[in-house]
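What follows is calculated from the coordinates using simple rules that are stated; it is not laboratory data. Keep in mind that this is a model prediction, so the values were computed, not measured. Quick reminder, even Gly has a Cβ in these numbers, built from the backbone with ideal geometry, and neighbours come from all protein chains shown.
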């Protein structure tokens, strides 16, 4: 499925960014659509037209992709997409290695790793784009969460997951937990990073509360496609208050 807004191909001179949402039918239960809306709006504010694509099992993968967003889902949703994702895994890893920015939240974070072992012992194989392993824990990790990131400063979100993810050799975290449980409630890490890939358990949605992360993804997409990017700050006054309100919420 593809939803196309005004694009250069339709007679404008504005540059185009192709934005892909992975598996919105089965992996989109935590407000992940909000991340897509934020990226589209911030791209438009910076002078880009956005071609929005959706990819579900069995769809044709778009020939041009500049930015990829994937969300969370229940175990049943992960099972539904597993075979298709494994078939697509090689393409996604090539794109990641080529610098395509990606945001993988919760369930797709787990499946971008090596595997997810469910509470019943079922092994859901991942694509190995991230060197992380996930196993189901005895309790859900739920609540407002704050992390500190060397790249993005203070990052605010909400976690709700039973999977406990462990970073393997050579994998860097998205950030360090200052409020909440993070990847596993044990080692103080949250999320994972690889090249321009950001993976995290933080949703609710993540990007409306964290414009620095959104602008990183936008910047990398534009630089990769066009070789330049105007990094002037956007004037969006309400985003500061939104962050303050979110950070003040109790766990």
Exercise for review: Show me 181-189, 232-240 ranked by packing, highest mean number of other Cβ atoms within 10 Å first.
Suggested key: 181-189, 232-240
Exercise for review: Can you give me the P(r) profile for the stretch 161-229? Cα pairs, bins 5 angstrom wide beginning at 0, each as a whole percent.
Suggested key: 4, 15, 22, 24, 16, 11, 6, 3, 0
Check your understanding: When only Cα pairs under 8 Å and 6 or more residues apart are kept, what is the percent relative contact order across the stretch 27-80?
Key -> 65 percent
Study note, to complete from the structure: Percent antiparallel among DSSP beta bridges confined to the stretch 2-247, nearest 5, equals 60 percent
Practice item. Could you grab the relative contact order for the chain? Cα pairs under 8 Å, six or more apart, rounded to a whole percent. Key: 18 percent
**Study point:** the chain, helix-only ellipticity at 222 nm - DSSP H runs n ≥ 4, -39,500 (n - 2.57), divided by all residues, nearest 500
**Key:** -8500 deg cm²/dmol
Check your understanding: Among (1) 18.2; (2) 18.8; (3) 19.4, which one is Kirkwood radius over Cα pairs in Å computed from these coordinates?
Key -> (1)
Practice item. Kindly rank 67-73, 209-215 from highest to lowest mean number of other beta carbons found within 10 Å of each residue. Key: 67-73, 209-215
Point to revise | Chain lengthening between residue 13 and residue 154 when straightened (0.36 nm per residue, less Cα-Cα) | key: 47.1 nm
**Study point:** Distance between modelled label sites at residue 244 and residue 223, nm, 7 Å Cα→Cβ extension
**Key:** 3.1 nm
Review point. Rounded to the nearest 0.05, what FRET efficiency do residue 235 and residue 178 have when you use their Cβ-Cβ distance and R0 = 30 Å?
Key: 0.55
Practice item. Return the distance in nm (one decimal) between the two label points of a simple spin-label model at residue 187 and residue 169, each offset 7 Å from Cα along Cα→Cβ. Key: 1.3 nm
Study note, to complete from the structure: Checking 143, 89, 47 against a Gaussian network model of the chain (alpha-carbon springs below 10 Å), the top fluctuating residue turns out to be 47
